[in-house]
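Beneath this line is the structure, given in structure tokens, with notes to follow.
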Amino acid sequence: MKTTRLLRHSFTALVLATFASGVFAQTQSSEAQKGFEPQVGQAGKDVIWVPTSQALVDAMMKLGKVTAKDTLYDLGSGDGRTVITAAKMGVRAYGIEFNPNMVELSKQNAAKAGVSERATFMKADLFETDFSQANVITMFLLSSINLKLRPKILDLKPGTRIVSNTFTMDNWKEDESVNVTEGCSTYCTAYFWVVPAKVGGNWSLGKSELALKQEFQVVSGTLTTDGKPLPVTGRLRGEQITFLAGGAQYEARVNGNAMEGTRKGSGSSGSFSATRK
Ligand SMILES: C[S@@+](CC[C@H](N)C(=O)[O-])C[C@H]1O[C@@H](n2cnc3c(N)ncnc32)[C@H](O)[C@@H]1O
């Protein structure tokens, strides 16, 4: 398994989008729940069902740094494999799936795996469901759907981890990615983001003024002391901010309109705090 950045899957998007919506409404009602056999490529409300290979599900758990302390939501949970894998790790895991037959199948699969207590499946539309309790979100949807969900995702608690099979978030570049070469033949790349804290604006930092601009996890701006501005460049990882200004490195934890941390290099080192005006 090696970490890499891959080419976009425009062909994949086309295939996954095919048969979504219209066709789904017709087939869903006629499917008898009893004896239901899922078919790879079957219609879905906004995207068809194609399962993530177990090798990539496992890699997604690793990439998302998932532990038993997490609450995970899989958006469009298919046959439940991602939720069940997480539940086996002790995670409280939830699947949101529009197709009722897939929800039933997922519940049966969770029971077989002995994880029904920690694996919950909801028959719901992912666009209309509150997943703000999650601190990990997994998905295998489409780039267009990811983009539609992006504002809601960016409003989640800073530090929430997002893992997507194959599909990206447009100009919100991933923090990490992984490509699985063993046990996976198609859709073998996962992308990872950490929801960044919102830091844009003007901050008082001791006798200096820190003006920050933010584009997703990338920050820039100026640190002005005694009327002398220095350029600032930095990054966010959830609520952790790191930036360079005037040869010094600042590392801090952002908590709403306050940040506290340490400053190293170029003259005095030590702790610092800042508040947003
Ligand atoms: C590509 S499959 C991924 C399944 C599973 N997450 C996995 O990785 O194996 C996408 C799933 O999303 C479901 N889906 C499509 N539109 C949906 C919507 N609006 N709300 C909830 N589920 C939806 C489909 O029925 C399908 O099971």
message = Sort V178, V199 by Cβ crowding within 10 Å, fewest neighbours at the top.
response = V178, V199
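Dipole size in debye (nearest 20) for the range 201-276 around its Cα centre, Lys and Arg Cβ +1, Asp and Glu Cβ -1? Walk me through the numbers on the way to the answer.
Numbers: 9 positive and 6 negative charges, 15 e Å.
Using only the charged Cβ atoms, the result is roughly 80 debye.
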The range 126-230: GluC sites (Glu not before Pro) falling in loop per DSSP and having at most 14 other Cβ within 10 Å = E182
query = Using alpha-carbon positions, what is the distance between the centroids of the range 71-99 and the range 191-270, in Å?
reply = 36 Å
task = Assuming a ≥ b ≥ c are the square roots of the Cα gyration tensor eigenvalues, decide whether the range 10-194 counts as rounded (a/c under 1.5), prolate (otherwise, with a/b larger than b/c) or oblate.
result = rounded
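Once the Cβ-Cβ distance between K152 and K34 is put in as r, and R0 is 35 Å, what FRET efficiency do you end up with, to the nearest 0.05?
On the way: r = 36 Å, r/R0 = 1.02.
According to the calculation, E is roughly 0.45.
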key: Most mobile of S208, S164, S143 in a GNM of the chain (Cα contacts under 10 Å)   = S208
ask   = Between S185 and E260, what FRET efficiency comes out of the Förster formula 1/(1 + (r/R0)^6) with R0 = 45 Å and r the beta carbon distance, rounded to 0.05?
value = 0.40
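Work out the FRET efficiency for K112 and T71 from their Cβ-Cβ distance, taking R0 = 22 Å, and round it to the nearest 0.05.
Working: r = 23 Å, r/R0 = 1.04.
Computed FRET efficiency for K112 and T71 comes out at 0.45.
To the nearest 500 deg cm²/dmol, what mean residue ellipticity at 222 nm is calculated for the chain from DSSP H runs of n ≥ 4 alone, each contributing -39,500 (n - 2.57), summed and divided by the residues? Spell out each step's value before the answer.
Values: 6 runs with 60 residues, N = 277.
Mean residue ellipticity, 222 nm, calculated: -6500 deg cm²/dmol.
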remark   = In nm, the gap between the two label points placed 7 Å beyond Cα toward Cβ at T275 and R235 is 3.1 nm
query = Does the range 146-277 classify as rounded, prolate or oblate by the C-alpha gyration tensor (a ≥ b ≥ c root eigenvalues; a/c under 1.5 gives rounded; else a/b over b/c gives prolate, otherwise oblate)?
reply = prolate
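Could you tell me what % of all Cα pairs in the range 201-276 have separations over 22 Å? Let's see the in-between values first.
Working: 270 of 2850 pairs.
Cα-Cα pairs in the range 201-276 separated by more than 22 Å: 9 percent.
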request  = For the range 10-194, calculate the relative contact order in percent as a whole number, restricting contacts to Cα pairs under 8 Å that are 6 or more residues apart.
outcome  = 20 percent
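Quick one: putting +1 on the C-beta of Lys and Arg, -1 on the C-beta of Asp and Glu, what dipole do you get for the range 10-194 around its Cα centre, in Debye to the nearest 20? Intermediate results must be reported in sequence, preceding the final value.
Numbers: 18 positive and 19 negative charges, 78 e Å.
Value, rounded to 20: 380 debye.
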remark   = Most exposed to least, judged by fewest other Cβ atoms within 10 Å, L56, L149, L154 sort to L154, L149, L56
request  = Quick one: order V40, V136 by neighbouring beta-carbon count within 10 Å, fewest to most.
outcome  = V40, V136
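Every read-out reported here was derived from the displayed coordinates using simple, explicitly stated rules and does not represent laboratory data. Keep in mind that what you see is a predicted model, and the values were worked out from it rather than measured. Positions of Cβ are backbone-derived with ideal geometry, glycine not excepted, and every protein chain shown enters the neighbour counts.
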